[in-house]
Amino acid sequence: MKDDSSIDLKRAVKYLLDKQYPDGYWNAHLETNCCMEAQWILASVFCGIEYDKNPEIVSYILSRQRGDGSWEVYHGAENGDVNTTLECYFALRLAGHAPDLPHMSAARKWLLDNHWHRHIRVFTKYWLALFGEWPWEDTPALPPEIIYFPKWFPFNIYRFAAWARATIVPLCIVTSQKPVKCMTKDLRMDELFPEGRKKAFGEAKNICRENRFSVKAIFNAVDKALHFYNGKSGNYKIHKLARKKAMMWMLEHQDDDGFWGGIQPPWIYGIIAMKLEGFDFDQENMAKAINALNLHWTETTPSGRRIKASESPVWDTILALNALMDAGMDSKTPGVLKAVDYLLSKENKYYGDWAQTVGYNIEPSGWAFQRENKFYPDIDDTAVAITALKKFRDTLPAKDSTAARIDASIRRAAKWLLAMQSKNGGWGAFDKDNTSSFVTKIPFCDFGEVLDPPSVDVTAHVIEALLAAGMSKNDEPVRRALAFVFSEQENDGSWFGRWGINYIYGTWSALTALAACGFGLEDSRIKKAADFLVSRQNSDGGWGENAATYMQPKTKCASTASQTAWAIIALSPFEDAHIREVVDRGLSFLKRTQTPEGTWEEEEFTGTGFPGYGFGAKADLRDGAPLPQGKELSRGFMLKYGLYCHYFPIAALAREKR
């Protein structure tokens with residue numbers, strides 16, 4: 001390796017080690033959109049919670065406003081988003097910002113110009129309804145009685161994805177009570193209804209009408225019946241018992257840090273549900289939930305304080321360890337053994353919701369994304385953890401005590417992964433065979449993904465993990481997984497990226513796993529995939545793709561460090577002169593854009609919570625009616641992982657060393 005390359009890699013490794021926390025983990029910023037901050041302001045006002053950092057949170061909301069007055073779902077989005085903008089506007093109004101202030105006037109003009117009332121989603125309607133700004137009868141009903149539905153029933157809570165399930169339960173408690181906090185006239189949003197509320201609500205109803213013989217129309221009729229039931233059920237014994245049982249489910253699923261499932265939506269609705277059920281602020285579960293803000297669920301930025309949609313110390317530590325091992329580090333490297341110890345301590349030991357479909361005869365294992373998430377170990381985290389730990393294990397003597405701990409952990413985790421394999425050979429993120437599209441038809445499901453079907457990127461990582469655990473491509477679970485991966489390949493050779501943006505991410509995941517299985521360019525499918533990545537290289541040597549490609553596929557965008565690294569890692573196993581030139585140009589881009597501190601700067605969002613199709617899997621954008629969103633991804637949820645631009649370039653630079 002050239003001397004300058006050694007320097008690049010050493011600087012990057014030093015920067016990463018300097019970011020490690022004393023307990024052995026890494027925890028980078030995880031940026032989303034300002035719905036997180038706005039919803040906290042709304043919830044704190046509704047519940048009467050006094051939080052001394054609210055002014056800092058408001059400052060952060062203001063700092064993210066676009067020049068046109070709107071707020072966006074991801075950095076650099078072509079358009080603002082109605083839902084994010086409306087929730088931010090409403091939060092600022094309740095925080096005391098008068099509607100005639102310049103930034104408020106700009107936001108209001110944008111909302112009115114974009115006919116906000118025709119485009120708001122379910123969650124935003126709920127927030128308005130809590131303050132009497134939207135009629136409860138025009139929001140989807142979620143009766144708490146669903147907590148009684150058996151597992152074979154089409155609408156039992158375990159048919160929904162883990163994140164939707166954890167959110168639905170507290171929302172059942174909230175929506176069944178239809179609470180309204182009456183605000184003083186100066187805080188009512190009359191200015192957003194220039195032609196009156198009645199006209200706005202009527203237009204919104206007309207937008208939602210379906211053919212009366214369609215499945216959605218039938219569900220809308222059921223929704224009306226449920227509203228009628230909810231209105232009459234206040235004194236029904238079964239209704240009271242259902243609310244109590246839903247609350248018990250919720251409290252049993254609360255993690256030690258006060259959150260639920262390690263994500264913001266069930267936390268924010270959980271606080272409101274507990275408030276409505278009469279929990280005092282000093283009650284144990286309520287106090288834990290509110291105190292989460294003082295633990296690790298907010299972070300300070302130069303623009304103010306933001307609230308995390310989630311936190312990623314386990315995932316960050318897995319990726320950091322993987323990068324360090326690729327760079328040639330070992331147990332003698334300061335911090336590496338501490339990272340391994342941290343990961344081993346975070347192996348899951350609980351029977352979470354996954355056991356509802358897999359059963360209780362499998363020993364719990366796996367790793368969650370967050371530090372305290374006991375009920376939802378993540379298949380993707382688990383797969384990459386196995387790979388990283390195995391790399392470290394291979395540097396240790398056979399009889400080393402840490403080696404024995406790692407071997408035992410890998411055996412348990414691999415066995416758990418095998419139990420989580422879906423019928424089609426692939427793996428989802430949290431559940432097995434979570435593919436019942438029937439549940440996506442209910443009126444509630446207009447906000448994003450409510451299913452967790454197998455995806456190629458997760459499946460590819462599991463293939464690598466199973467190989468690391470001692471299996472081969474000829475073993476039946478791996479053969480089924482490979483068949484699934486190849487069945488999902490696009491006509492141009494690429495793969496869709498479910499959990500990262502997008503075709504670069506999906507193709508990197510698939511090609512890396514296939515190369516590990518021994519597939520080479522002599523296989524036409526591999527050649528086609530490699531050609532796709534080569535064709536997507538930008539003139540500066542890098543690769544780039546933004547979130548808009550979930551609605552407008554295969555669009556080239558400005559190069560980013562993380563996506564460039566993915567392409568380099570995917571292409572580097574293949575011995576071909578042209579590919580070698582392409583990889584060298586990519587490496588030159590990374591070296592040229594590395595900062596003096598040893599890292600890379602990246603404002604772009606290259607991670608995905610969900611693209612907003614509604615059913616988890618890739619939507620075929622060529623056929624049928626267009627999705628109810630544009631490139632702004634109003635139903636999507638995009639993520640910026642603070643150190644993606646660092647972990648993966650280290651791994652890419654290490655390829656050149658090898």
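At a glance:
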read-out	value
Output for the stretch 335-352, where each listed residue is in a loop (DSSP other than H, G, I, E, B) and among the aromatic types (Phe, Trp, Tyr)	Tyr350, Tyr351
Test: residue in the stretch 498-512 that is more than 30 Å from Thr32 (Cα to Cα) and surrounded by fewer than 23 Cβ atoms within 10 Å (Cβ to Cβ)	no
The stretch 69-122, subset surrounded by 22 or more Cβ atoms within 10 Å (Cβ to Cβ) and farther than 25 Å from Asp186 by Cβ, residue farthest from the chain's Cα centre (by Cα)	Gly80
Of all residues making up the stretch 335-346, the number that are out of contact with any Gly (no Cβ under 7 Å at 6 or more places or on another chain), in contact (Cβ under 8 Å) with a residue 24 or more places away in the chain and within 30 Å of Thr167 (Cβ to Cβ)	2
Single residue of the stretch 101-124 satisfying the filter (of a type in the set (D, E, K, R) and modelled with pLDDT of 95 or more) that is nearest to Asn54 (Cα to Cα)	Arg108
Among (1) under 24 Å from Leu187 (Cβ atoms); (2) loosely packed, with under 14 Cβ neighbours inside 10 Å - the single one Trp152 does not satisfy	(1)
Filter result for the condition that a residue is under 16 Å from Tyr25 (Cβ atoms), of a type outside the set (S, T, N, Q) and either assigned by TED's automatic domain parsing to the domain that holds Ala469 or touching an Asp or Glu at 6+ places or on another chain (Cβ under 6 Å) (or both), over Tyr360, Tyr376, Tyr351, Tyr342	Tyr342
Only one of Thr387, Thr440, Thr459 that is of a type in the set (Ser, Thr, Tyr) and at pLDDT below 90	Thr440
Among the residues listed as Ile147, Ile168, the single one being more than 23 Å from the chain's Cα centre (by Cα), touching a residue at least 60 places away in the same chain (Cβ under 8 Å), part of a helix (DSSP H, G or I) and buried (at least 19 other Cβ atoms within 10 Å of the Cβ)	Ile147
Hits in the stretch 133-144 (condition: of a type in the set (A, V, I, L, M, F, W, C) and part of a helix (DSSP H, G or I))	Trp136
Helices (runs of 4 or more DSSP H) (entirely within the stretch 45-129) containing at least 2 residues that are touching a Cys at 6+ places or on another chain (Cβ under 9 Å)	54-63, 82-94
Selection within the stretch 150-163 - in a loop (DSSP other than H, G, I, E, B) and within 23 Å of Ala429 (Cβ to Cβ)	Lys151, Pro154, Phe155, Asn156, Phe160, Ala161
All positions within the stretch 274-329 that are in a strand (DSSP E or B) and either modelled with pLDDT of 95 or more or surrounded by 19 or more Cβ atoms within 10 Å (Cβ to Cβ) (or both)	Thr298, Gly304, Arg305, Arg306, Ile307, Ser310
Of the criteria (1) without any contact (Cβ under 8 Å) to a residue 60 or more places away in the chain; (2) in a helix (DSSP H, G or I), which one Lys332 fails	(2)
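The values are calculated or read from the model by the stated rules, or taken from the named source; none is laboratory data. The shown structure was predicted, so the numbers you read here are calculated from the model rather than taken from an experiment. Methodologically, a virtual Cβ is constructed for each residue, glycine included, from the backbone with ideal geometry; neighbour enumeration extends over all protein chains shown.
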